[in-house]
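Let me begin by presenting the structure, written as structure tokens, before commenting on it.
The values are calculated or read from the model by the stated rules, or taken from the named source; none is laboratory data. All values reported here derive from a predicted model rather than from experimental measurement. Cβ: placed from backbone, ideal geometry, glycine included. Neighbour counts: every protein chain shown.
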Amino acid sequence: MKLITVRILFFFAVLQLFSCKQKEIDLLSFKTSVLQNESLSVDQKVEKLLDQMTLEEKIGQMNQYSGFWDFTGPAPKDGKAATKMENLKKGWVGSMLNVSGVKDVKAVQKIAIEESRLGIPLIIGFDVIHGYKTISPIPLAEAASWDLEAIKISAQVAAQEASAAGINWTFAPMVDISRDARWGRVMEGAGEDPYLGSKIAKARVSGFQGSDLSDPSTIAACAKHFAAYGFVEAGRDYNTADVGAATLNSIIMPPFKAAKDAGVKTFMNSFNDLNGIPATGDTYLQRTVLKENWNFDGFIVSDWGSISEMVTHGYARDDNHAAELAINAGSDMDMESHLYVTELASLVKQGKVDEAYIHDAASRIIKVKFELGLFDDPYKYCDEAREASVIGSEKNQSSVLDLAKKSIVLLKNQNNVLPLAKKGQKIAVIGALASDKTSPLGNWRLAADINSAVSLLEGLQAYSGNTITYAKGADVVIGKTGFVSELTINTTDTSGFKEAIMLAKKSDVVIMALGEHAMQSGEGRSRAYLGLPGVQQELLEAIFAVNKNIVLVLSNGRPLTIPWAAQNIPTILEGWHLGTQSGNALAQVLYGDYNPSGKLPMSFPRSVGQLPLYYNYKNTGRPSPVNPGQVFWTHYIDQKNTPQYPFGFGLSYTTFSYSKPMVFHTYSQDKQVTVSVKVTNTGKREGKETVQLYLRDLFASVIRPIRELKGFEQVVLEPGQTKEITFTLTDQELGFFNNQGIWLVEKGDFEVYVGGDSQTKNKTNFKL
Ligand code: NOJ
């Protein structure tokens, strides 16, 4: 009896060996006859590869793990890591994130290529959000430049450095529109406006992906977080989002659509629920809108653990149910829930998941790998020589410096305190952020070296004609400020005030560097108070008491509420978190070597109670009261409706004037309306103006906002010079989505405003 069992087992073992051998031989010829066959299209190659794959291997492509072990080090002991390694060897991992650097990427890729049955290369993802090692301004700051070409170059630089470090996929751009500065992730987006946000989405996708994804210096981009993550209630990260059709279609969706139209290869869904359905399990968003209506043929990755979080949301019964809901809703890749790899095969066998969904998801993922050229050479992003020469190059430093200068916004310059004289001045620099060489790198700086930014103090010291002295005054935060560590805000220690006050007393000008440390904005960093954190307001007032000649340089990842400063401090410069070249950029602006040209991509509120606050609001039946004391109008009894600084606002060291816009209207013949305006530099210096066009459709079947940005153009003018700018409005600018998602252009009366910010009164009318 026993002997028979042993013989049967032996027979099966031989059979198994034979069939494995058979597959390997097939695979070898497969590589030459299919993968390298130039007469086959990518889609055909993908299909032929899928024909070779088992159900488990297809599911494996849908599984993404975070880096779990030093690949060049000893074997992992931890159970989770061991399972990941085992699955990697089995070909049950399609992608890894958080593995970077040629040495480590090569090591992990080698396991996938050499040890898995089919040797399908991994796609290597990383959060390259505003640079890899050479860091650009945070995306919100970049948006303040309104310079699409510079933003595109910034993404190109990020892609060049990341791809040189073995990475071929970034989880960027974040294209979430947000109207609530409490949300910490506003730093990662392009602000509050869907038109500007769409243009920037396109620029960033084309910067990352270039025109040829197989070029080793480009990487696949990812439009995230689909959808409505920027509308989490009360600005609290991960909170629920409750959004109607009008806002979803006209405000939230356009930048995602623009990213899709720009050819973005991947989308990421999001942590939040939208109207009661977690985005990760939302069939309407992922299958209906994205894959069907928009014909998106790339793949969708979940956010980190967002599949298993559907159990916590109360949407899925258990993990198994969560995996079923996610794949059926169209989520193709599982980031770190570890559920597709454990649950999907049995769900297919039980008939709860259609195998066609698995096939479709795997084919989308494999297609992107083909497009990246990973099947031609899985190590094409693993070139040590390129890694050493590209990362941190001088060219990259000068690109990020260029954008850093363009991102700075001059908010106030009473009595022309700025630009500073270059000689003979005693300048006191006060504030912990002035000497900080890490905070300027911003929140998403995973691969950057700490202390690698040029601080404001260093930037100022590079100009030698003035006497520069420095006092910290007070810490902003205390404790470790690493990426995940908890911060303690300094709310008590004012022991450094005395020294700072002494210094301010004997100086001509005081530059105060105040605001948020980089780790006070970003993911998981929502704030309920938006003033200067800790004792900084107190410090500012103490210095003001002894020297009123203050230049306030703000560092922050979001709009702040600074009513006292706006009222009292003569000069305010919005300096965000500007990246590696931060101090140089700020110094060049402060000294006037660069004339500031940035414009706010988000309204700055007067107080938190105004939030959400945005320029493109609706008039309502009872608009803001015209005179004080009027009660039954939409307003607060204790605050104005208007922002402290509006969307689109930013000053220059020169001034500009605008002629009244002229409308030339040939809509009945060629469906076009042209609007032209003359812009003149009325000051004494050359300057750059961002000319903004806003439209108001006065009555429509779905109420239109009080004004909407529909065009902008940047113009550089010499003193006294005038240029005519012409905008063309087509159905794309004149129409809107109704609540069924249908694009309508309705006849009627319009107002068109052209000016230097969203509150311009320079307008004319036309009729369609
Ligand atoms: C969670 C964030 O929401 C997402 O934007 C990011 O790409 C992933 N973590 C991966 O780090």
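Residues being under 20 Å from Gln209 (Cβ atoms) and within 11 Å of the ligand (Cβ to nearest atom): count how many of those fall in segment 163-188.
Of the residues in segment 163-188, 8 are under 20 Å from Gln209 (Cβ atoms) and within 11 Å of the ligand (Cβ to nearest atom).
Suppose the filter is aromatic (Phe, Trp, Tyr) and touching a Leu at 6+ places or on another chain (Cβ under 8 Å); does Tyr753 pass it?
yes
When segment 229-251 is filtered for residues that are assigned to a helix (DSSP H, G or I) and more than 16 Å from the ligand (Cβ to nearest atom), the ones remaining, listed by number, are Glu233, Ala234, Ala245, Ala246, Thr247, Leu248, Asn249, Ser250, Ile251.
For segment 84-113, enumerate the residues that are under 14 Å from Ala162 (Cα atoms), of a type in the set (A, V, I, L, M) and not in a helix (DSSP H, G or I). Within segment 84-113, Leu97, Val99 qualify. The set of residues in segment 678-702 being among the aromatic types (Phe, Trp, Tyr) and over 16 Å from Ser250 (Cα atoms) consists of Phe699 alone. When segment 55-73 is limited to residues that are surrounded by 15 or more Cβ atoms within 10 Å (Cβ to Cβ), more than 16 Å from the ligand (Cβ to nearest atom) and free of Cβ contacts under 8 Å to residues at least 60 places away in the same chain, the one that is farthest from the chain's Cα centre (by Cα) turns out to be Phe71.
One line per residue, one yes/no per condition, for (1) of a type outside the set (Ser, Thr, Tyr); (2) more than 27 Å from the chain's Cα centre (by Cα); (3) closer than 16 Å to Arg179 by Cα:
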position: Leu578; (1), (2), (3): yes, no, no
position: Leu586; (1), (2), (3): yes, no, no
position: Leu590; (1), (2), (3): yes, yes, no
position: Asn595; (1), (2), (3): yes, no, no
position: Tyr617; (1), (2), (3): no, no, yes
position: Pro623; (1), (2), (3): yes, yes, no
position: Phe647; (1), (2), (3): yes, no, yes
position: Pro661; (1), (2), (3): yes, yes, no
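Just one of the listed residues (Ala155, Ala150) is assigned to a helix (DSSP H, G or I), out of contact with any Cys (no Cβ under 6 Å at 6 or more places or on another chain) and within 16 Å of the ligand (Cβ to nearest atom), namely Ala155. Here Gln425 meets each of (1) buried (at least 24 other Cβ atoms within 10 Å of the Cβ); (2) in contact with an Asp or Glu (Cβ under 7 Å, 6 or more places away or on another chain) with one exception, condition (1). Filter segment 383-415 down to the residues that are farther than 30 Å from Tyr645 by Cα and more than 26 Å from the chain's Cα centre (by Cα) and list them by number. Of everything in segment 383-415, those that are farther than 30 Å from Tyr645 by Cα and more than 26 Å from the chain's Cα centre (by Cα) turn out to be Asp383, Glu384, Ala385, Arg386, Ala388, Ser389. The residues listed here are Gly207, Gly263, Gly197, Gly191; of these, the one that is part of a loop (DSSP other than H, G, I, E, B), over 16 Å from Leu611 (Cα atoms) and either within 16 Å of the ligand (Cβ to nearest atom) or touching a helix residue (DSSP H, G or I) at 6+ places or on another chain (Cβ under 8 Å) (or both) is Gly263. In this entry, Gly91 is excluded by the filter for residues that are at pLDDT below 95, closer than 30 Å to Thr54 by Cα and of a type outside the set (D, E, K, R). Looking at segment 706-716, is at least one residue surrounded by fewer than 20 Cβ atoms within 10 Å (Cβ to Cβ), part of a loop (DSSP other than H, G, I, E, B) and touching a strand residue (DSSP E or B) at 6+ places or on another chain (Cβ under 7 Å)? Checked segment 706-716: at least one residue is surrounded by fewer than 20 Cβ atoms within 10 Å (Cβ to Cβ), part of a loop (DSSP other than H, G, I, E, B) and touching a strand residue (DSSP E or B) at 6+ places or on another chain (Cβ under 7 Å). Residues that are within 15 Å of the ligand (Cβ to nearest atom) and surrounded by 22 or more Cβ atoms within 10 Å (Cβ to Cβ) within segment 275-307 comprise Pro278, Ala279, Thr280, Phe299, Ile300, Val301, Ser302, Asp303, Ser306, Ile307, listed in sequence order.
Annotation note: of Phe30, Phe68, the sole residue that is within 22 Å of Gly373 (Cα to Cα), at pLDDT 75 or above and in contact with a helix residue (DSSP H, G or I) (Cβ under 9 Å, 6 or more places away or on another chain) is Phe30. The combined condition, being buried (at least 20 other Cβ atoms within 10 Å of the Cβ), away from the ligand (no atom under 16 Å from the Cβ) and assigned to a helix (DSSP H, G or I), is not fulfilled by Gln44. Hey, does segment 98-105 have a residue that's more than 16 Å from the ligand (Cβ to nearest atom), under 27 Å from Tyr132 (Cβ atoms), loosely packed, with under 15 Cβ neighbours inside 10 Å and not charged (D, E, K, R)? No, segment 98-105 contains no residue that is more than 16 Å from the ligand (Cβ to nearest atom), under 27 Å from Tyr132 (Cβ atoms), loosely packed, with under 15 Cβ neighbours inside 10 Å and not charged (D, E, K, R).
Annotation note: of Asn619, Asn595, the sole residue that is part of a loop (DSSP other than H, G, I, E, B) and crowded, with 19+ Cβ neighbours inside 10 Å is Asn595. Give the residues of segment 495-526 that are part of a loop (DSSP other than H, G, I, E, B), within 16 Å of the ligand (Cβ to nearest atom) and not acidic (Asp, Glu), sorted by residue number. Selection gives Ser521, Gly522, Gly524, Arg525, Ser526. Does Ala246 satisfy the criteria of being out of contact with any Ser or Thr (no Cβ under 6 Å at 6 or more places or on another chain) and surrounded by 21 or more Cβ atoms within 10 Å (Cβ to Cβ)? Answer is no for this residue. For first residues located in segment 374-400 and surrounded by 18 or more Cβ atoms within 10 Å (Cβ to Cβ) and in a helix (DSSP H, G or I), partners that are at pLDDT 95 or above and polar (S, T, N, Q) and lie 6+ apart or on another chain with Cβ distances below 7 Å form the pairs Val390/Gln160; Asn396/Thr134; Ser399/Ser154; Val400/Thr134; Val400/Ser136; Val400/Ser154; Val400/Thr580; Val400/Gln581. Only one of the listed residues (Val752, Val691, Val702) is assigned to a strand (DSSP E or B), farther than 30 Å from Lys405 by Cβ and among the aliphatic types (A, V, I, L, M). That residue is Val752.
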